[in-house]
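Below you'll find the structure, written out as structure tokens, and then a few comments.
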Amino acid sequence: MAATGVDAPGRAAIGARTLRTDRWWLSPLTTFVVFSAFVVYATWRAFADKDYFVEPYLSPFYSPCLGDCVKGSADFGTPFGGFPLSAALIILIFPLGFRMSCYYYRKAYYRAFWLSPPACAVAEPHTKYTGETRLPLILNNLHRWFWYAAVVVALILTWDVLLSFQEADGGHVGLGTLVLLTNVVLIWLYTLSCHSCRHAVGGRLRHFSKHPVRYRMWTWVSRLNTRHSLYAWLSLFSVAIADLYIMLLANGTISEARFF
Amino acid sequence: MTYQLKMRVWRGDDSGGSLQDFAVEVSEGEVVLDAIHRLQATQAGDLAVRWNCKAGKCGSCSAEVNGKPRLMCMTRLSDFDPAETITVTPMRTFPVIRDLVTDVSFNYEKARELPGVELGPRDADGKRRMMQVDVERGQEFRKCIECFLCQNTCHVVRDHEENKPAFAGPRFFLRYAELDMHPLDTHDRRALAQDAAGIGMCNITKCCTEVCPENIKITDNAIIPMKERVADRKFDPLVWLGAKIGIRHKDDEGRTEM
Ligand code: SF4
Ligand code: SF4
Ligand code: FES
Ligand code: FES
């Protein structure tokens, strides 16, 4: 096959894949390691089907619990009560689809996992490239549908936080409450700073001047949007930490630090 | 303070070439283009280099410095260790003419494929009006100096020569977005952006944004909004259903699809 890319005929014959001298591989490598660790942890926890609930906390991986849930964890009924596997798997498609089709995560996994490209001005190893024009990657265009679902998920997680302030014997604030609260704040920041959200609230307009309220909302979302990647990372950590904390409580490894 | 700067400069043409070593006297506060000019004046009289303004405004001196696409006139020597060897090559996506000069006509062909603005009828008094917020929206895109560093860095064409016919590139997605957001334009370019311009080939990995010397947020403010507009048109069942039963988004009134 004829040379293509930076070695294609007519281009300056330089030969090297890149002449960059900085540590361009550090950022994709970090992303690769951290995301892989998260995927391994999340897969294990999603299939585990235990230690996801301890009164009054429900792990975000299992919320809303709609399957064969442990007592007290199903706040929205159990329409999938007969589902033979872990209840997390019923709802997992929504957060998973949302993050997989997120414009930021796309950038991150195309670079870190598919090396397309690994970094700017570093040649990618693939001989063919069609981008997001075909199946399955063309499905990333459906991101907005996952965003609608993500708003519902964020509302449910907010409800979980409200429940975590209560116990049978009245009000309660424990470390778990704060963990869940932090998580839900970060989830909201991530969800509201989404590019599809920015488009929906006002970006799709051609006349800002005819829609002053939507224009104002667009400027707010735009401001959040500049930090979308940061929120993507922070909320990834917070969701894992929230689940981990609840797991450790549920299996008795630690006991709750209670403030009142 | 002056010092001897070690440089490796690519010299050659479309039949071949190589990196050649030089040492050139430079002083603190100079830029890479100064060093290249001194090299040309003192040691390599026939070194080909394109430049005009030396102020980061004409977009002529695009090249790659230590493998990074940059404007030579805006790359300060003080950003490098004086002991470091600085490598300068031409842009690696376009055909080389000689030394640091490449043939960027790909970009002009792409510009010609893009339908220009088509304004609607004038107001009754013969004027056209736009509100200030609508004018401001496109200002960021108009900062483009057409250096084509973004086009050069984009892996879609940099790493795949065969994609060139089907892909307009980030600089022109900028233009698509600007016109699609223009309140007075009567063309609807969304289908065109997907089909002819190949916006679906972009995988939003943001290298165009990383190299833009004008700091235009190409990916966040032009490409992604344009992808979302294409999704309105092509991948949104609600919008499709609305169009079927005759409900159109009022904001799109007066536009004809290209
Ligand atoms: S974001 Fe898209 S257009 Fe910009 S460099 Fe990456 S692939 Fe090319
Ligand atoms: S968008 Fe930026 S990088 Fe691209 S041609 Fe314009 S100024 Fe250069
Ligand atoms: S969630 Fe990242 S762009 Fe929508
Ligand atoms: S010489 Fe004009 S941009 Fe560098």
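The values are calculated or read from the model by the stated rules, or taken from the named source; none is laboratory data. The structure displayed is predicted, hence computed values, not measured ones. Note that each Cβ is placed from the backbone with ideal geometry, even for glycine, and that neighbours are counted across all protein chains shown.
Some observations on this one:
- Matching residues, the range B:226-240, being of a type in the set (Asp, Glu) and either assigned to a helix (DSSP H, G or I) or not assigned by TED's automatic domain parsing to the domain that holds B:ASP252 (or both): B:GLU228, B:ASP232
- Scoring A:TYR41 on the criteria (1) in a loop (DSSP other than H, G, I, E, B); (2) surrounded by fewer than 20 Cβ atoms within 10 Å (Cβ to Cβ); (3) not aliphatic (A, V, I, L, M) leaves a single failure, condition (1).
- Of all residues in the range B:209-225, those satisfying the criterion of being at the interface with chain A (Cβ under 9 Å from one of its Cβ atoms), part of a helix (DSSP H, G or I) and not polar (S, T, N, Q) are B:GLU210, B:VAL211, B:ASP220, B:ILE224, B:PRO225.
- Filter result for the condition that a residue is closer than 30 Å to A:GLY131 by Cα and not acidic (Asp, Glu), over B:ARG112, B:ARG122: B:ARG112
- Test for A:ALA121: is it within 16 Å of ligand 1 (Cβ to nearest atom), more than 16 Å from the chain's Cα centre (by Cα) and more than 20 Å from A:SER229 (Cβ to Cβ): yes
- Failed item, numbered, when A:TYR129 is tested on (1) part of a helix (DSSP H, G or I); (2) hydroxyl-bearing (Ser, Thr, Tyr); (3) buried (at least 17 other Cβ atoms within 10 Å of the Cβ): (1)
- Single unsatisfied condition, A:ARG223 versus (1) more than 16 Å from ligand 1 (Cβ to nearest atom); (2) touching a helix residue (DSSP H, G or I) at 6+ places or on another chain (Cβ under 8 Å): (2)
- Complete set of residues in the range B:107-150 that are within 14 Å of chain A (Cβ to nearest Cβ), within 16 Å of ligand 4 (Cβ to nearest atom) and aliphatic (A, V, I, L, M): B:LEU149
- One residue stands out in the range A:220-258 among those that are loosely packed, with under 13 Cβ neighbours inside 10 Å and either assigned to a loop (DSSP other than H, G, I, E, B) or free of Cβ contacts under 8 Å to residues at least 24 places away in the same chain (or both): the one that is nearest to the other protein chains (Cβ to nearest Cβ), namely A:THR226.
- Check on B:ALA35, under 28 Å from the mean Cα position of the chain (by Cα), more than 22 Å from B:VAL157 (Cα to Cα), crowded, with 22+ Cβ neighbours inside 10 Å and more than 16 Å from ligand 1 (Cβ to nearest atom): yes
- A residue that is surrounded by fewer than 22 Cβ atoms within 10 Å (Cβ to Cβ), touching a Gly at 6+ places or on another chain (Cβ under 7 Å), hydrophobic (A, V, I, L, M, F, W, C) and under 21 Å from B:GLY138 (Cα atoms) occurs nowhere in the range B:192-206.
- Counted residues, the range B:142-159 - those being within 17 Å of B:ALA111 (Cα to Cα) and either in contact with a strand residue (DSSP E or B) (Cβ under 8 Å, 6 or more places away or on another chain) or modelled with pLDDT under 95 (or both): 4
- When restricted to residues that are touching a strand residue (DSSP E or B) at 6+ places or on another chain (Cβ under 6 Å) and not aliphatic (A, V, I, L, M), the range B:81-114 contains 10.
- Members of the range B:5-60 that are without any contact (Cβ under 8 Å) to a residue 40 or more places away in the chain, closer than 13 Å to B:ASP99 by Cβ and either within 16 Å of ligand 2 (Cβ to nearest atom) or of a type in the set (A, V, I, L, M) (or both): B:LEU39, B:ALA44, B:TRP51
- Boolean, B:THR186 is β-branched (Val, Ile, Thr) and in contact with a helix residue (DSSP H, G or I) (Cβ under 7 Å, 6 or more places away or on another chain): no
- Any hit, the range B:198-220, residues being more than 16 Å from ligand 1 (Cβ to nearest atom) and out of contact with any Cys (no Cβ under 6 Å at 6 or more places or on another chain): no
- Within the range A:56-71, the presence of a residue that is over 27 Å from A:ARG258 (Cβ atoms), within 13 Å of another protein chain (Cβ to nearest Cβ) and buried (at least 20 other Cβ atoms within 10 Å of the Cβ) is excluded.
- Residues that are within 30 Å of B:GLY169 (Cα to Cα) and assigned to a loop (DSSP other than H, G, I, E, B) were ranked within the range B:111-130; the one that is farthest from the chain's Cα centre (by Cα) is B:GLY120.
- Residue match in the range A:173-180 (condition: more than 16 Å from the chain's Cα centre (by Cα), under 26 Å from B:GLY169 (Cβ atoms) and of a type in the set (A, V, I, L, M, F, W, C)): no
- Among the residues of the range B:163-179, the one identified as within 11 Å of B:VAL117 (Cβ to Cβ) and either of a type outside the set (D, E, K, R) or touching a His at 6+ places or on another chain (Cβ under 9 Å) (or both) is B:LEU179.
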